[in-house]
Structure formats: structure tokens, C-alpha cells
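These notes concern the structure reproduced below.
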Amino acid sequence: MAQENSSRVTEFILLGLSDTQELTILFFTLFLLAYAMVLLGNLLIIVTVRTDPKLSSPMYFLLCNLSFIDICYTSVTTPRVLVTLLSGHKAIAFEGCMAQLFFLHFVGSSEMFLLTVMAFDRYTAICRPLHYTAIMARGACWALVAACWAGAFIHSTVQTVLMLQLPFCGPNTIHSYFCDVLPIIRLACADTALTEWLMASNSGLISLGCFLVLVASYTLILAKVRARVSQGNWKALSTCASHMMAVTLLFMPCIFTYLRPAGTLPTNKYVCVIYTIFSPMMNPLIYTLRSSEVK
């Protein structure tokens, strides 16, 4: 255990997913393939949207931003995991751990906010088509994206400040493959009950609130198109269904992880793989497979 003056932890040890050599090789291969798919898929979307003048609608503008966020989001944790699996070096400096926590919540919450904006965009396009151009003008789209990043910055700053105020004097072993709120807060040498509730209210309620807004928007879309059965409406319905599958992959594990104090249930690090690796990998497929323009 690394300490400073026998009272301050200067580094943490990330235990990772497994100590078994065979599983380590398997996890390295899976993480590497998933990371490559995230980079290639999302970069392809960004290049396609930016270079094709026909893809200038608000939907593709938001999709391009989602692809950028997915690249940033998975890059916060995956490269570090790959290096750890390859080298076996599991130590991470205290400052590096706090930085990873900050950027994880910064980019992750911005994705939640952006997915909510994308649901509003689909609701406006389907339920209020005559007002769509006026409501989702380019200036409004930029303002909504900026609001997503600003809200995410505030959320992540609050999380990090609450964490930095806690004393860490040992142990320094994190039962996960990345630095996050719940596994770290258990290592604090103080009563963390109030901090746990504040963090659960912050991350958990944001996840739950955004998810409920998404469900409400897609429910309104479903109610709108149900009475008008046509090919276009069926396409809109199937598109909404695929989008709901994407947001469920992200939001349900986050709600399960963050909407509770740290001591109530153990953190399942395999559940974390869903929203840190699997969800960013699936987003390019789910959001573009039904788009004939992108294909």
C-alpha cells in the first residue's frame, strides 16, 4: 500500500476483471476488438455526416455529436484497461484516478443528456412535423448540445469535489478495472453516509430522470403513430424501438449502479462493462442501420 507520511494514499491498485491468465487473454482480446469497433464505427459516422451535404439535418448533427462522445467515453477507461491487461501493472496514481473519475462522469452524463435531446428531436419530427424546422434550427441544436456539456461539467465537478474531500489512508485496492465513485468511496477513512447519499442523488437521479424523459417521449411517439398505420409510421415505430434498446443498454446498468448508497449492494464490475464498452460499441449499429441515407 503506497502512502505519504503513513496517512495519505498516493496510488490505488485496480484489481481488474480477473487474475486468471486465460481469462486475462480473453478479456484483452474482447476489449481490444470492442475498442476498435467503437473507434472505427463512430469515426466513420463522423466523417460521413461531415462530408455529405445531404446529412445536414438536426438528427445527423446530433448523431455526429453522439459518435464523438462515444469515442471520448470509451477512451477514458479502455486504453488503461488494455495496458493493465497486457503489462500486469495495476497501480494508478491518486491524481490519475481522480482525473479518470472526472472525465468518466463528464463524458458519460453528457451522453445521457444528448440522448434525451435526440429523443426530443425524434418527438418533434414525428409529432410536430410542421414546426420541426423552426424548433430544431441549427442555432437551437448548438444551444442544446452546449447545455448537455455544461450540465455534464457541473455534475462531474460536484462528484469529483465530493470525492476529493474524503480522506484515504488505506487500504488502496479497488475491486474494479477503472476508477469510479462507488468502489473508491468504500476506501475512505471516514463516515461517508452523507457523501454516499449526495452522490447517489447526483448520479442516480440524473440517470433515472433522463431515462424517464426518454420513455415518456417515445411513449408519446407510439401513441401518435398507433392510429396511423402506414409504411412511414411503421418505420418511425421500429426506429424508436431500436433507439429505446440503445438507451436501455446505457441507462439501466447506470441506474442499478448509482441509484443507491455505496454500502447497500456490492458493485458488479461485469455490469459496468455494459455501459463502458458494450453500449458505445452498439450505438453506431443501432442508430445507423435503419438510416438509408447513412448506408
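The values are calculated or read from the model by the stated rules, or taken from the named source; none is laboratory data. Owing to the predicted nature of the structure, the values given are computational and were not obtained by experimental measurement. Cβ placement follows ideal geometry from the backbone for every residue including glycine, while neighbour counts extend to all protein chains displayed. Areas reflect the complete protein model, heavy atoms only, side chains present, ligands, DNA and RNA absent. Shrake-Rupley method; radii C 1.70, N 1.55, O 1.52, S 1.80 Å.
Applying the condition of being of a type outside the set (S, T, Y) and over 16 Å from T10 (Cα atoms) to the stretch 160-177 and asking which residue is modelled with the highest pLDDT yields V161.
Scanning the stretch 65-93 for residues that are surrounded by fewer than 21 Cβ atoms within 10 Å (Cβ to Cβ) and assigned to a helix (DSSP H, G or I) gives F68, I71, C72, S75, P79, R80, L82, V83, L86, S87. Pairs meeting the criteria (first residue in the stretch 12-34 and farther than 19 Å from C179 by Cα, second residue assigned to a helix (DSSP H, G or I) and open to solvent by 60 Å² or more (accessible area, probe 1.4 Å), beta carbons under 8 Å, at least 6 apart or on different chains) are A34/F278. Within the stretch 50-70, the set of residues being of a type in the set (A, V, I, L, M, F, W, C) and touching a residue at least 40 places away in the same chain (Cβ under 8 Å) comprises L55, M59, F61, L62, L63, L66, I69.
Of everything listed in (1) hydrophobic (A, V, I, L, M, F, W, C); (2) closer than 16 Å to G170 by Cα; (3) part of a helix (DSSP H, G or I), the single unmet condition for A200 is (2).
More than 27 Å from V161 (Cβ to Cβ) and either open to solvent by 30 Å² or more (accessible area, probe 1.4 Å) or assigned to a helix (DSSP H, G or I) (or both): does that describe L101? When the stated conditions are applied, L101 does not pass them.
Listed here are the helices (runs of 4 or more DSSP H) enclosed by the stretch 109-192 that have at least 1 residues being open to solvent by 60 Å² or more (accessible area, probe 1.4 Å): 132-135, 138-164.
Inside the stretch 12-58, residues that are in a loop (DSSP other than H, G, I, E, B) and surrounded by fewer than 19 Cβ atoms within 10 Å (Cβ to Cβ) make up a count of 10.
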